[in-house]
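The values are calculated or read from the model by the stated rules, or taken from the named source; none is laboratory data. Fair warning: this is a prediction, and the values are worked out from it, not measured in the lab. Counting neighbours? That spans all protein chains shown, and the Cβs are built from the backbone with ideal geometry, glycine included. Just so you know, the surface numbers come from the protein's heavy atoms only, side chains and all, with ligands and any DNA or RNA stripped out. Shrake-Rupley method; radii C 1.70, N 1.55, O 1.52, S 1.80 Å.
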Amino acid sequence: MNFIKRGFLGITRNKGKSLILLAVIFILGNLISGAISIQQATSNVESNIKERLGAAATVEIDYEELDALSEAELMETEIEDIDIDLIKQIGELSYVKYYDYNMSTSLGSESIESYQGEDMEDLVQFGPSMDFMMKGINYAPVLDFEEEKAKLVDGRVFNEEEVENGTSVAIISQKLAELNNLHVGDTFTLSNMVFTYDDETGEEEIVTSRDVVLEVIGLFESQTLKEDAGEDSEDGMFDFMDMDYQNTIYVPNEIVRSETEYYWEELLKSDEEFAEMMEAEGEDSSFEYYTPMFVLNNPEDSEAFEEEVTPLLPKLYTVVSATDQYDSIAGPVESMSKLAKYVLAAAVIATVLIIGLVVLLFLRDRKRELGIYLSLGERRGRVVGQILIEVMVVALIGITLSLFSGNFIAGQVSDTMMKADHNTSQDEMMYFSEIQTNLTTEDVLDSYEVSLNSSYILIFYGIGLLTILISTVIPLVYILRLNPKKILM
């Protein structure tokens, strides 16, 4: 009789043993299936979230290292500013797609109103506010627009000549424009006001001010912040991040530098005590500080970019990339990924040992049957093939069943464990960074999904069948050592 046919007959004739083997493979297959499902899901989450975070990077003070300094070390430490030459040097690296560096300052206005959010439309303001953030740019197309943080909805961006010469042009938010009935081509006025503090009255007084007249050349609309501010907040609180961004005004860096210089010159003139303190400490009164932002070609370049840039930086500075944010928000997913690796390794080892032991016990019970085959002249290889068919057919059925059940169980268990891990995690010290994201741990958990796909199915069948094959081949050495004469005596 053909050994293949004998293999299928062996399954039906030994139904009890076949069912036991099927049950064992099904249980172990669920462990393997679940572990692979979780690993696939966590891998997808990481790639998707990092893609959403983007490939931006910046250079800023390492506040963790700064906090680790003693008071004596802190007094002796002088923190250098990042100069434009270093920013340009870093920007020329092959990893950088494009870059920008910005100066910012806050201005007020007596001619236009600042955007206060939809819940604050009826708010009455007294006197000039300092709500307008004038953000200088050096990259004419505007990096925020290129990275889709905002979208230009009307007008145009800057040109190189305007940026270089510090032309009095600006791009403002559409909401701010609508609030003040401004259109492309219109002009508006901001006030660069210098305040001093009156110790007797406890109030601030305006010492001097000058007007900054700007022409609107473009209108932008936020893309990353919530448009309907306050919808999900308690007591109808508006979204402060959205409010701040709507009051941001893009201008060439030279304008911000000029207004910053004017502010500090006038402040030092009006406050002699402060001026003397600055002079005694040897502080630079120009306060020309730029914040760099580099957009890399790919998120995968972040590590190599950091390695090359770090030796160029002054003391107490570090590279911060957008992908670093993933580590701070993906704790539950990372924990689940590590657990899945341990479970998969344990499941594979357990499968090899348990299936190997079960097959060996079954072979010992069939020792006489196998001896008869050998005594009748059947080659050992064909006997081995028969046993492999019996085991692998049952294994294929068990693995197929566990493919679906293990995937379902993995989804339910991992979802529960990640939420529990998120709820019990401890809050860590948070430091402000120029690279901010509106993604949270909840976004990571929402993007986590255990599903059936071709990649998962191929990996599962590959690992599952290979593990069963190894666990079956090892006991088959028993057949090769059988002596039919001794068996039949």
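Tell me which of these Asp301 doesn't satisfy, since it passes every other one: (1) surrounded by fewer than 13 Cβ atoms within 10 Å (Cβ to Cβ); (2) touching a Phe, Trp or Tyr at 6+ places or on another chain (Cβ under 8 Å). That leaves (1) as the condition not met.
Of Leu69, Leu9, all but one fail to be touching a Ser or Thr at 6+ places or on another chain (Cβ under 9 Å) and not aromatic (Phe, Trp, Tyr); the exception is Leu69. Counting only residues that are surrounded by 18 or more Cβ atoms within 10 Å (Cβ to Cβ) and in contact with a Phe, Trp or Tyr (Cβ under 9 Å, 6 or more places away or on another chain), which one in the stretch 116-132 is modelled with the highest pLDDT? For the stretch 116-132, the residue satisfying everything is Asp131.
Considering the conditions (1) at pLDDT 95 or above; (2) touching a Leu at 6+ places or on another chain (Cβ under 6 Å), Phe145 is excluded by exactly one of them, (1). For the stretch 258-269, the count of residues that are modelled with pLDDT under 85, open to solvent by less than 30 Å² (accessible area, probe 1.4 Å) and hydroxyl-bearing (Ser, Thr, Tyr) is zero.
Every test in (1) within 24 Å of Pro141 (Cβ to Cβ); (2) out of contact with any Pro (no Cβ under 6 Å at 6 or more places or on another chain) is passed by Val59 save one, and that test is (2). Checking Ala57 against (1) out of contact with any strand residue (DSSP E or B) (no Cβ under 8 Å at 6 or more places or on another chain); (2) at pLDDT 75 or above, which single condition isn't satisfied? Exception for Ala57: condition (1).
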